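As structure tokens, the structure follows; a few thoughts come after it.
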Amino acid sequence: MDPSRSFGARLRCNAARLVCCYDRTHHKPFGHIQSGGDQPCSAKLGSICEMSAILKVLGEMSVMPMETKNSSLQSFVSQSSFMRPKFMPPVTAWGLHAPFAFWLVENLKPDSIVELGTYYGFSFFCFCQQVVSLKLPTSCIAVDTWAGDEHAGFYDESVFNMVTKINAADYSSFTRLLRATFDEAVGQFSDGSIDLLHVDGRHRYEDVKHDFESWRSKLSNRSVVLFHDTQVHDRDFGVYRFWTEISKALPHFEFTHGFGLGVLGFGYDVCPALRPLFDASQSAEMMAGIRSSYERLGMVLAGNPISRNEPCPCGSAQRYKHCCGSFVPTEIDRTV
């Protein structure tokens with residue numbers, strides 16, 4: 001090591017080298033740690049005194065994943081937000097919300113997930129995929145007639161057969177496909193048993209209100225309810241009307257892309273990891289930042305990849321190639 005270099009310069013250099021080694025060993029995406037303008041050197045580490053100082057610097061850096069540093073937006077975007085769905089169905093209106101679904105399951109860690117209206121199963125299998133990824137003891141139940149309706153259209157048995165095949169191959173140990181109307185199925189669930197309820201059935205105002213009111217007693221004291229299509233104002237859709245009513249008095253956040261997705265904190269014991277998200281709805285700037293991040297992440301799944309020099313959607317203020325782009329897979333695992 002060049003003895004003419006200051007102790008501080010050598011310290012910054014060696015700290016950067018240690019972090020890089022840690023990254024490669026543990027596959028942790030910390031981004032590119034800058035060393036104060038000094039290029040990492042190839043010489044051996046210096047004295048014991050330097051080593052102790054370096055370890056102190058690393059301790060102050062907390063050696064934590066990048067999503068917990070640099071920006072307040074990173075409280076709402078994690079590595080899970082960059083996951084790719086294993087299953088991409090031929091038709092889905094939910095495709096742009098997969099990144100948030102992964103993040104939500106990671107942070108809520110629900111004991112039970114129930115989906116009302118599953119169709120090809122895209123959202124349901126996103127939830128299931130994250131349950132497997134995190135090894136959560138979660139039960140997942142999809143409720144649908146798999147016959148279609150006026151809004152989704154009517155379809156034949158091929159849809160249910162595809163859902164059954166995917167479920168049997170990957171998730172059958174903790175899932176159940178309940179083929180019934182919502183009213184027929186509700187009696188099979190205990191009160192206070194559902195932590196995450198996704199309401200995505202028929203979309204008229206009267207329908208979505210009835211579905212919520214019928215299932216609300218089944219929600220736990222830390223439950224979250226998702227409402228899809230909160231931004232659709234035509235074709236007799238009325239989710240937006242009910243969302244406006246129900247969200248007034250409860251913690252909530254709404255994504256406006258992908259036909260809209262309302263996130264409602266219904267349980268009185270709001271999950272601490274989700275409270276900042278709900279609080280963000282009170283800040284126009286923070287709300288816009290979160291929406292922009294997840295819209296951009298969703299567009300990746302729609303075939304619009306993030307360029308290497310684009311600002312990273314995680315909010316780190318780094319270029320994508322120097323941030324999350326260093327660990328995000330490039331291909332979706334399975335398409336149908």
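The values are calculated or read from the model by the stated rules, or taken from the named source; none is laboratory data. Nothing here was measured: the structure is a model prediction, and the numbers come from that model. Don't worry about glycine lacking a Cβ; one is built from the backbone with ideal geometry, like all the others, and counts go over all protein chains shown. Just the protein is used for accessible areas: all its heavy atoms, side chains included, with ligands, DNA and RNA removed. Shrake-Rupley method; radii C 1.70, N 1.55, O 1.52, S 1.80 Å.
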Kirkwood Rh in Å, taken over segment 203-336 so that all alpha-carbon pairs contribute: 16.8
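Once you order the gyration tensor axes a ≥ b ≥ c over the Cα atoms, which shape class does segment 140-227 get: rounded for a/c under 1.5, otherwise prolate or oblate by comparing a/b with b/c? Don't skip to the answer; put the middle values down first.
On the way: a/c = 2.15, a/b = 1.20, b/c = 1.80.
Taking the square roots of the gyration eigenvalues as a ≥ b ≥ c, segment 140-227 is oblate.
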task: Provide, as a two-decimal number, the C-alpha radius of gyration of segment 229-276 over 2.2 N^0.38 Å, N being how many residues it has.
output: 1.23
- request: Provide the FRET efficiency to the nearest 0.05 for the Q282-E206 pair, computing r from the beta carbons and using R0 = 30 Å.
  value: 0.50
field: Solvent-accessible surface ranking, highest first, for R84, R179 at 1.4 angstrom
entry: R179, R84
- request: With a probe of 1.4 Å, find how much accessible area segment 119-193 has per residue, and write the answer as a whole number in Å².
  value: 46
message: Given points 7 Å out from each Cα along the Cα-Cβ axis, report the N221 to A180 separation in nanometres with one decimal.
response: 2.7
- prompt: Rounded, prolate or oblate: which one fits segment 77-116, using the alpha carbon gyration tensor with axes a ≥ b ≥ c (rounded when a/c is under 1.5, else prolate when a/b beats b/c, else oblate)?
  reply: oblate
message: For a quick check of understanding: with a 1.4 angstrom probe and all protein chains in place, what accessible area in square angstrom does I166 have, to the nearest ten?
response: 10
Solvent-accessible area of D207 with every protein chain in place, 1.4 Å probe, in Å² to the nearest 10: 30
task: Please calculate the 1.4 Å probe accessible area of K321, with all protein chains present, and give it to the nearest 10 Å².
output: 60
